[in-house]
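To start, the structure under review is shown below, and the notes come after it.
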């Protein structure tokens, strides 16, 4: 009996311990000495960065612009964290980073973030917006979450970008078992024939993969002279035929009980369109709007199209993803619109060189991110001793100041409430809470949708949500989360100076100026217990609600 009781109690204790470990594992940041992947960067890669920097330098010189000085280390660290994971660094991460030699920190920090699952999840959601939009889409046959998870897996494995796009354009099967087909099922028209829409697929393909806005050609020719197509030696205006000839590649894709399938060659039918001013429909051939010589002879049209889109000589393909990744990392694309790049230029400084380097490295997106992070333009300060003009920002002579996206604001607030890192090693409760609070905040704040690089100003309701909303209130009050940052700083900081510095590091990723430090130290002087906690809460609340927190700079 005694033995059975002992075994029972041991089992209970073990079960409770296992449950506690599962729910509240100790957040863990890998040893920072292991962050830097030295094998991922070569002398040739460094030469590519030097060539890109030289392009920017020439652009600045030609425009008569003086570039700003390099930004402080922690400013670049914050930029990278917001860009790659959608949040700010934790105190735990910053302390680990400071253990590294100064000349290795930014490169090591970049590699650390690229290996973190948060990066794959965050980038997958950002890229998915250009691929399938933000809506739930057709009922049952479109699974957006499944699609985003699949995309995250591809990014986490660092699968080449051209291989990912090939799957999106050619995959067959059910939307659950073959998640890439959700790129196709997102276009199903359930009010008509319940089949994939070639027009929507052509528009997505041209915008997302080629950086070309030709969808207006579905209705009429380009009469304004804004769209140039054809080959470089025979440039011409875009026509209605250009768009529908591209759409024709999707004309024999079918949604069946077995999922998305391509018709076999012997069963294919013509894609037909009634052009503007025509009286009858016309069978449309499968042709691309430029470089027809790159189209393969694959009998399955989607596969032939994928061969053309991802061909190493199809330069718009590499330019399009370079421009989008640049925009994700800086908050602003190279061009006015992220998916509207001139077919034959002229191109902004750095764009073509980055695209060529991406092709050289077999469409390795992590390499692209490392390269951008090493450029002078990315590391330039947003402040300068001279007057900053729009031309400085347009040419990246200074780093352009941009508003954070809603999910970055939410991610930053949530992370700032914890001294530990809220990552894949954090407790299940912490991760679920972050997921729920972030989604609720984005819904209330206003999702930017697909056009997330549109520079719109904030609104009064958004400001009120930040000042009076549940997220900021709950995350800064120590009475609600006993072990949140406010409580820990008030309880554990050895002195007022350390408390103020920690508050600044967890919110703004910088140390306070002498003036800021003195002002808040006076507030903390002589306080203890509940009074000290309230002062720390107020300090963090003020920093989170200040303008600096909501801008990438």
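So the values come out like this:
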| item | result |
| --- | --- |
| Per residue convex hull volume, Cα atoms of the chain, in Å³ | 212 |
| Which of 250, 139, 550 has the fewest Cβ neighbours within 10 Å, and the rest in rising order | 139, 550, 250 |
| Ascending count of other beta-carbon atoms within 10 Å, so fewest first, for 145, 383, 166 | 145, 383, 166 |
| In degrees, nearest ten, helix 2-23 long axis to first principal axis of the chain (Cα) | 60 |
| The range 133-309: mean projected area of Cα convex hull, nm² | 11.4 |
| Per-residue Cβ neighbour rank within 10 angstrom, fewest leading, 117, 420, 522, 286 | 522, 117, 286, 420 |
| Pairwise label distance in nanometres, residue 140 with residue 51, each label 7 Å out on the Cα-Cβ vector | 5.3 |
| Relative contact order (%) - criterion: Cα under 8 Å, at least six apart; region: the chain | 19 |
| At 1.567 mPa s and 4 °C, Stokes D of the range 319-409 from Kirkwood alpha-carbon radius, µm² per second | 93 |
| Order by protection proxy (mean Cβ within 10 Å, highest first), peptides 127-134, 202-209, 215-222, 43-50 | 202-209, 127-134, 215-222, 43-50 |
| Protection proxy ranking, peptides 55-63, 332-340, average beta carbon neighbours within 10 Å, highest first | 332-340, 55-63 |
| Cα long-axis angle, helix 428-445 against the chain (0 to 90 degrees, to the nearest 10) | 60 |
| Net lengthening on full extension, residue 270/residue 195 (0.36 nm per residue, minus Cα-Cα) | 25.5 nm |
| Inter-label distance for residue 279 and residue 497, nm, one decimal - labels placed 7 Å from Cα along Cα-to-Cβ | 9.1 |
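Here, each number is a calculation from the coordinates, and none is a lab measurement. Computed from a predicted model, the values in this text were never measured in an experiment. FYI the Cβ positions are ideal-geometry reconstructions off the backbone, even for glycines, and counts take in every protein chain you see.
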